[in-house]
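Visitor: Can you read through this structure? Questions will come right after.
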Amino acid sequence: MLMEINIITAALLAILGLAMGSFAGATVWRLRVRQLAEDKSRGDRSSTKDYKKLSYLLKPISKDRSHCLECQHELKWYDLLPLVSWLSLGGKCRYCQKPIGRTEPLVELGVAAFFVLSYVLWPVALQAPIDIAQFVIWLTAGVLLTILFIYDLKWFLLPDSITFSVVGLGAILSLLRLTQSGDITASLWSLVGSVVILSGLYFVIYIGSKGKMIGFGDIKLGLGLALLLGDWALAFLALFLANFIGCLIVLPAMLRGKLSRKSHIPFGPLLIAGFAITGLVGHQLIAQYMNLLF
Ligand SMILES: [Zn+2]
């Protein structure tokens, strides 16, 4: 099943993944300050302090250079090398010595791992342009989903600009897959099933709980993930894994009394984690499960 793996391609994808992870981490903060500016213009005072701290990020992108979030010192190129800078500085800002979050290097490593694993586990040879196009769309969606993952984890919100981009990429990927399908009717039904499972179910919960249990953002994210997977069985597995991971995290915390029934749990990161595992090894997991049954 596995195609020949080119070490140089894998290494290049690892470096590209580190850079894209760094980009994703920076984009999260840019999106955040835009959101805070919107909240402020709508008269929401609660976020004014955060906004002041981050407002320098509102400068036009061309003039924007990354700054230390603590001391606002402009960071030089050698402070911005993904992972390398963080490791060489021991996780502290070169100028104010305050710790830089562990999130950034973890995100960079995560995206690099996603890029390399996607390449190693990709089910078809990456030679025809249409196959390479699908691979590139997949990696791009991975970067956008990384942004959503962090954003939702930090602020319980899925920014529309990114969610809609994921839906767009999913739609293009679905179309490309359909052009290659030997049985378009079956593929279309599988795609519809995928959307119903990952997006429709959340829609029902959303309506049923009047938006209290999950947000509308989860439905849009579910739609994007469903289109990216394009297969009802994979969609089902992704949803199952998301809930399974959720239980693994939530139950121990509940037992230790750290969470109550009222605690807000962001569904986005769980869905994205379930999706990533499914996208990478979903077919293998389903095959093994079938072997166990029959
Ligand atoms: Zn600093």
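The values are calculated or read from the model by the stated rules, or taken from the named source; none is laboratory data. Everything numeric in this text was worked out from a predicted model, so none of it was measured. All Cβ positions, glycine included, derive from the backbone under ideal geometry; neighbour counts span all protein chains shown.
Visitor: Inspect region 125-146 for any residue being touching a Leu at 6+ places or on another chain (Cβ under 7 Å) and more than 18 Å from residue 224 (Cα to Cα) and give the result as yes or no.
Guide: Yes, because at least one residue in region 125-146 is touching a Leu at 6+ places or on another chain (Cβ under 7 Å) and more than 18 Å from residue 224 (Cα to Cα).
Visitor: Which of the residues spanning region 82-95 are surrounded by fewer than 16 Cβ atoms within 10 Å (Cβ to Cβ) and more than 13 Å from the ligand (Cβ to nearest atom)?
Guide: 84, 87, 88, 90
Visitor: Restricting attention to region 96-124, which residues are over 17 Å from the mean Cα position of the chain (by Cα) and either surrounded by fewer than 16 Cβ atoms within 10 Å (Cβ to Cβ) or more than 16 Å from the ligand (Cβ to nearest atom) (or both)? Please lay out each step first, then the result.
Guide: Narrowing region 96-124 to residues over 17 Å from the mean Cα position of the chain (by Cα): 96-102, 119-124.
Once the filter is applied, which keeps residues that are over 17 Å from the mean Cα position of the chain (by Cα) and either surrounded by fewer than 16 Cβ atoms within 10 Å (Cβ to Cβ) or more than 16 Å from the ligand (Cβ to nearest atom) (or both), region 96-124 yields 96, 97, 98, 99, 101, 102, 119, 120, 121, 122, 123, 124.
Visitor: Would you mind listing the helices (runs of 4 or more DSSP H) fully within region 188-271 where at least 3 residues are hydrophobic (A, V, I, L, M, F, W, C) and surrounded by fewer than 22 Cβ atoms within 10 Å (Cβ to Cβ)?
Guide: Working: elements: 201-208, 216-229, 232-255.
Fully inside region 188-271 and qualifying: 201-208, 232-255.
Visitor: Does residue 127 satisfy the condition of being out of contact with any strand residue (DSSP E or B) (no Cβ under 8 Å at 6 or more places or on another chain), of a type in the set (S, T, N, Q) and within 16 Å of the ligand (Cβ to nearest atom)?
Guide: In short, no.
Visitor: Do you know which of the residues in region 70-118 that are in contact (Cβ under 8 Å) with a residue 12 or more places away in the chain and acidic (Asp, Glu) is nearest to residue 229 (Cα to Cα)?
Guide: The selected residue is 108.
Visitor: Can we say residue 46 is outside any loop (DSSP other than H, G, I, E, B), surrounded by fewer than 16 Cβ atoms within 10 Å (Cβ to Cβ) and modelled with pLDDT under 85?
Guide: Values: outside any loop (DSSP other than H, G, I, E, B): yes; surrounded by fewer than 16 Cβ atoms within 10 Å (Cβ to Cβ): yes; modelled with pLDDT under 85: yes.
Yes: the conditions hold for residue 46.
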